[in-house]
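Participant: Sharing a structure with you now.
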Amino acid sequence: MDKVEVVIVGSGVAALQTAIETSKSKHVTIITKSKLRHSNSYLAQGGIAVAMSEQDNPSFHQKDTIQAGRYYNNEHAVKMLVEQAPYVISNLIDSGMRFDHNQDGSLTYGMEGAHSERRILHSHGDATGKFVTEHLLSKLDTSKIDIVEDTAVVELIIAEDHSCIGVKVMNQKGQVESIYAEHIVLATGGCGSLFQLTSNASTVAGDGLALALKAGARIRDMEFIQFHPTLLYCNGKTHGLVSEAVRGEGAILVTSHGKKIMEAVHPLKDLAPRHVVAQTIYSYMEQGEMVFLDISMIDHFKEHFPTVADICESNGINLDEGKIPVSPGNHFLMGGIETDELSRTSVKGLYAVGEVACTGVHGANRLASNSLLEGLVYGHALGHYLGAVPPRKLAKEARQTGVKHSLRMLPEIADIQNSLMQKAGIVRNGKDLASLKAWLETYRIDELLDVACEDLTLDQLSKINAVIVSWLIAESALMRKESRGGHYREDYPIENDAEWLHTSIVWDKNKVKSLKGNVYYESIKA
Ligand SMILES: Cc1cc2nc3c(=O)[nH]c(=O)nc-3n(C[C@H](O)[C@H](O)[C@H](O)COP(=O)(O)OP(=O)(O)OC[C@H]3O[C@@H](n4cnc5c(N)ncnc54)[C@H](O)[C@@H]3O)c2cc1C
């Protein structure tokens, strides 16, 4: 059987960092759905958090991360993130990555919401993701790494012993091919573009989550989604992100009458945690009020924030008026494929890294600028591990069990996006979530989990993935009867530590197939 050593799915920072480390001793194949640079990583504006300044300390970074995560974080995972961050970022700088500097040559540390210290590194102001991605791309050793673009992974190949032994890919002509591999890494990002209002790239649509669930892996914490408070909002649509760093530099959220909406809401006012800011803006919008970022106090805005300025100007916003119209929208998934500190999933041979993984670092809400960092730190650790593991003999491929789906009908992606935004968005309640879940179940989730990819188009497979992931979000959000971090239930508005702090909602294929609506609770702490 022809096989490659390591397949990495996706081309964001997590994939590239893993590939660079792994390729020091193994051959890697990167497979990505669109072009290499089409990722959330490329769009990231705010920066990368790291406790490297003299007055900072990883333990302060840890405290801020856990506070933002509403104490639901996996403390070991957070410790690994913040303690390895200075080493991994120093390595990146040593390899030639240029972060923004002060005139004396020292690194410039920016401030962001819910950080207690200035610790955010930027590159070219608000184009950090683009420049980090370009740097990583320039470090790929193409004699050890094959790159396959415009090709989606549509199924994971499973062996008789339930391990993962490869991927099935579909090219743009709809042709399916099997690639066997010793190690398969999912780095496919979150699921933002399943929502109508989002900051995410169009290719980031939850594929990895659905693929992993279908292959038998455990998925958890799907109710925890971060809504970014400030996406540029014109003509009822979002058009990219207005970075948190804009508020870090002093911008204030106001109504069209100039009322400062965060004044009496939180002691940190406009720098309050994201979910607090997003919910406040949303509550004004629900009453028909437009909300704006007043940027009039920021000198040289265009120089500080060239990416934001570009997005605004290309959408007809006159920055000289000092106001940017904003709306919240889906930004980041805290949950995902359950992984350990080496990014191993519950399926042998299958790994997940970056936003698609749930290491537990983010808890119930991500601290700003911790996710590029997560991809870099965990990608580094995974690559190091994969580079060192001995060759793996693949077990025999399981007999094809894929069923033909009757495909009576699948919903349009736009209908899923609207339904998720309205019923599983920033403010949720049991009634809406139950109706969303019931609607999704009419598409027979149990059948969709076993559908064979061969007879379907990429469009149909994307819809199937979207239905499955949406169901995971709806059911998990319905079951968590409290509000915590990114998950806000108006019918259960309080954090209920006694019942929920140590309780996680974890899914596997069998649990989902049972479709009884019985939640599977698992105590994650003693
Ligand atoms: C506008 C914006 C601004 C942000 N700003 C910041 C910031 O300042 N700081 C910060 O820390 N974080 C920020 N984030 C979050 C951060 O960018 C992401 O969490 C992070 O980049 C995720 O990296 P990743 O490598 O896991 O996945 P991504 O960068 O999302 O890449 C996923 C890749 O997988 C590919 N893919 C998906 N499905 C398939 C499939 N079936 N087959 C093959 N390939 C597939 C996609 O095409 C893509 O290449 C921002 C996000 C956005 C959207």
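Participant: Residue under question is K63, and the condition is that it be among the basic types (K, R) and either within 14 Å of the ligand (Cβ to nearest atom) or on the phi > 0 side of the Ramachandran plot (or both); does it hold?
Facilitator: Answer is no for this residue.
Participant: Within region 495-509, is there a residue that is in contact with a His (Cβ under 9 Å, 6 or more places away or on another chain) and of a type outside the set (V, I, T)?
Facilitator: no
To keep it simple, each residue is scored yes or no on (1) assigned to a strand (DSSP E or B); (2) more than 12 Å from the ligand (Cβ to nearest atom); (3) not hydroxyl-bearing (S, T, Y).
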residue	(1), (2), (3)
I158	yes, yes, yes
H162	no, yes, yes
I165	yes, yes, yes
V169	yes, no, yes
K173	no, yes, yes
S193	no, no, no
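Participant: Name the residue, out of A181, A217, A201, that is more than 16 Å from the chain's Cα centre (by Cα), part of a loop (DSSP other than H, G, I, E, B), within 16 Å of the ligand (Cβ to nearest atom) and of a type outside the set (S, T, Y).
Facilitator: Within the list A181, A217, A201, the selection yields A217.
Participant: Could you check region 96-144 and list, in sequence order, the residues that are acidic (D, E) and not in a loop (DSSP other than H, G, I, E, B)?
Facilitator: D126, E134
Participant: Here is a follow-up. Closer than 22 Å to I120 by Cα and buried (at least 24 other Cβ atoms within 10 Å of the Cβ): is that true of D207 in this structure?
Facilitator: No.
Participant: If you don't mind, there's one more thing I want to ask. Would you point out the residue of region 1-44, among those that are surrounded by 24 or more Cβ atoms within 10 Å (Cβ to Cβ), in a loop (DSSP other than H, G, I, E, B) and among the polar types (S, T, N, Q), that is farthest from the ligand (Cβ to nearest atom)?
Facilitator: Among residues in region 1-44 that are surrounded by 24 or more Cβ atoms within 10 Å (Cβ to Cβ), in a loop (DSSP other than H, G, I, E, B) and among the polar types (S, T, N, Q), the one farthest from the ligand (Cβ to nearest atom) is S23.
Participant: Within the group V308, V242, V246, V277, which residue is closer than 29 Å to D64 by Cβ, in contact with a Pro (Cβ under 7 Å, 6 or more places away or on another chain) and within 16 Å of the ligand (Cβ to nearest atom)?
Facilitator: Within the list V308, V242, V246, V277, the selection yields V277.
Participant: Residues G329, G360, G383, G379: which one is part of a loop (DSSP other than H, G, I, E, B) and touching a residue at least 12 places away in the same chain (Cβ under 8 Å)?
Facilitator: Answer to the check: G360.
Participant: Now, a different point. What are the residues in region 45-60 that are within 16 Å of the ligand (Cβ to nearest atom) and in a loop (DSSP other than H, G, I, E, B), if any?
Facilitator: Q45, G46, G47, V50, A51, M52
Participant: Any residue in region 246-260 that is in a helix (DSSP H, G or I), among the charged types (D, E, K, R) and farther than 25 Å from Q422 by Cβ?
Facilitator: Looking through region 246-260, at least one residue is in a helix (DSSP H, G or I), among the charged types (D, E, K, R) and farther than 25 Å from Q422 by Cβ.
Participant: With respect to D340, determine if the residue is assigned to a loop (DSSP other than H, G, I, E, B) and within 30 Å of E160 (Cα to Cα).
Facilitator: So D340 fits the description; yes.
Participant: Need the failing condition index for I93 against (1) surrounded by fewer than 20 Cβ atoms within 10 Å (Cβ to Cβ); (2) part of a loop (DSSP other than H, G, I, E, B); (3) of a type in the set (A, V, I, L, M, F, W, C), just the number.
Facilitator: Just one mismatch for I93, condition (2).
Participant: Please verify whether T188 is β-branched (V, I, T) and closer than 21 Å to V451 by Cα, treating the condition exactly as stated.
Facilitator: Taking the combined requirement at face value, the residue satisfies it.
Participant: Next question. Could you please let me know if T142 is more than 15 Å from the ligand (Cβ to nearest atom), farther than 23 Å from I464 by Cα and not hydrophobic (A, V, I, L, M, F, W, C)?
Facilitator: Yes, satisfied.
Participant: May I pose another question? Consider region 254-305. How many of its residues are more than 21 Å from G110 (Cα to Cα), of a type outside the set (V, I, T) and more than 23 Å from the chain's Cα centre (by Cα)?
Facilitator: So the answer is 18.
Participant: One residue is enough: does region 245-252 have a residue meeting the conditions crowded, with 20+ Cβ neighbours inside 10 Å, modelled with pLDDT of 95 or more and in contact with a Leu (Cβ under 7 Å, 6 or more places away or on another chain)?
Facilitator: Yes: region 245-252 contains one or more residues that are crowded, with 20+ Cβ neighbours inside 10 Å, modelled with pLDDT of 95 or more and in contact with a Leu (Cβ under 7 Å, 6 or more places away or on another chain).
Participant: Take region 399-443 and flag every residue that is more than 22 Å from S476 (Cβ to Cβ), at pLDDT 95 or above and of a type in the set (G, A, S).
Facilitator: Result: A414, single match.
Participant: Identify the residue in region 325-362 that is away from the ligand (no atom under 15 Å from the Cβ) and farther than 24 Å from A49 by Cα and, among all such residues, is surrounded by the most Cβ atoms within 10 Å (Cβ to Cβ).
Facilitator: G349
Participant: For region 400-416, state whether one or more residues are within 30 Å of S283 (Cα to Cα), touching a Phe, Trp or Tyr at 6+ places or on another chain (Cβ under 6 Å) and surrounded by 14 or more Cβ atoms within 10 Å (Cβ to Cβ).
Facilitator: no
Participant: A further question follows. Can you name the helices (runs of 4 or more DSSP H) wholly within region 266-324 that have at least 3 residues being surrounded by 19 or more Cβ atoms within 10 Å (Cβ to Cβ)?
Facilitator: Where helices (runs of 4 or more DSSP H) fall fully within region 266-324 and carry at least 3 residues being surrounded by 19 or more Cβ atoms within 10 Å (Cβ to Cβ), they are 274-286, 306-314.
Participant: Here's something else I'd like to know. What are the residues in region 159-181 that are over 18 Å from S34 (Cβ atoms) and surrounded by 22 or more Cβ atoms within 10 Å (Cβ to Cβ), if any?
Facilitator: Selection gives C164, I165, G166, A181.
The values are calculated or read from the model by the stated rules, or taken from the named source; none is laboratory data. Small disclaimer: the values here were computed from a predicted structure and weren't measured. Quick reminder, even Gly has a Cβ in these numbers, built from the backbone with ideal geometry, and neighbours come from all protein chains shown.
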